[in-house]
Amino acid sequence: MWYHCLVSGIAVWLAGTLPAGAFIAYVSNEKSNTVSVIDTDKWAVIKTIKVGQRPRGIEFTRDGKFVLVAVGDDDTIQMIDTATQQVADTLPSGPDPELFVQDKAGKILYVANENDNTVTIIDIERRARVGDVQVGVEPEGMAISPDGRFLWRTSSIP
């Protein structure tokens, strides 16, 4: 059983396979092109996973099977398998993906692409890019309403 929350850009999970109450945090490291896996009981890095160029936003699939990582300079979203702790797949995105959000069911991913002012829509199950929506300048943050009817994005430039 996995439980998760997002704290200041760090994804934290309660993992049922670890000792009771143990948390694991995944942190994207933009300078080293890695993701650190941290045992928060010991506050120690237990694994470092090599990913693409300039990893940024990070989130888990709703079922907890994958960590999604926006890889800015590769224009992709990489999927880390939480069981093997290895990059298992790559999803197509637009230029310079920053942050993203999943729909409530965890089937659709909305990705803010800073360099072309778009939000890319990705079907996670099919691993396919469905389309792009033109938005304001330099989109970064993403959120979706609890009922799934509204998608918000923030911009770094007014």
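Any read-out appearing in this document is the output of simple, stated calculations on the displayed coordinates, not a laboratory observation. Model, not experiment: these values are computed from the prediction. Note: ideal-geometry Cβ built from the backbone for every residue, glycine included; neighbour counts use all protein chains shown.
Which of the aspartates and glutamates could a cross-linker bridge to residue 104, judged by Cα under 19 Å and excluding same-chain residues fewer than eight apart?
59, 63, 123, 125, 147
Setting aside same-chain residues fewer than 8 positions from residue 47, which lysines have a Cα under 20 Å from its Cα?
Correct list for residue 47: 31, 65.
Could you compute the FRET efficiency for residue 135 and residue 42, with r as their C-beta to C-beta distance and R0 at 35 Å, rounded to 0.05?
Efficiency, rounded to the nearest 0.05: 0.25.
Can you pull out the trypsin sites (Lys or Arg not before Pro) in the range 59-158 that DSSP calls coil and that have at most 16 other Cβ atoms within 10 Å? Numbers along the way, then the final one.
Values: sites: 62, 65, 104, 107, 126, 127, 129, 149, 153; in loops: 62, 65, 104, 107, 126, 127, 149.
In loop regions of the range 59-158 (DSSP not H, G, I, E or B), the sparsely surrounded trypsin sites (Lys or Arg not before Pro) are 62, 65, 104, 107, 126, 127, 149.
Whats the longest run of the chain with zero chymotrypsin sites (Phe, Trp or Tyr not before Pro) that are DSSP loop and have at most 15 other Cβ atoms within 10 Å? Display every interim value, and only then the final one.
Numbers: sites that count: 43, 150.
With chymotrypsin sites (Phe, Trp or Tyr not before Pro) excluded where exposed in loops, the chain gives 44-149 as its longest stretch.
Can you work out the Karplus-derived ³J(HN,Hα) for every residue in the range 28-36? Use 6.51 cos²θ - 1.76 cosθ + 1.60 with θ = phi - 60°, whole Hz, and x for glycine or proline.
In residue order, the calculated couplings are 7, 10, 4, 6, 9, 6, 9, 10, 8 Hz.
Sorted from fewest to most neighbouring beta carbons within 10 Å, what does the list 116, 74 look like?
Least crowded to most crowded, the residues run 116, 74.
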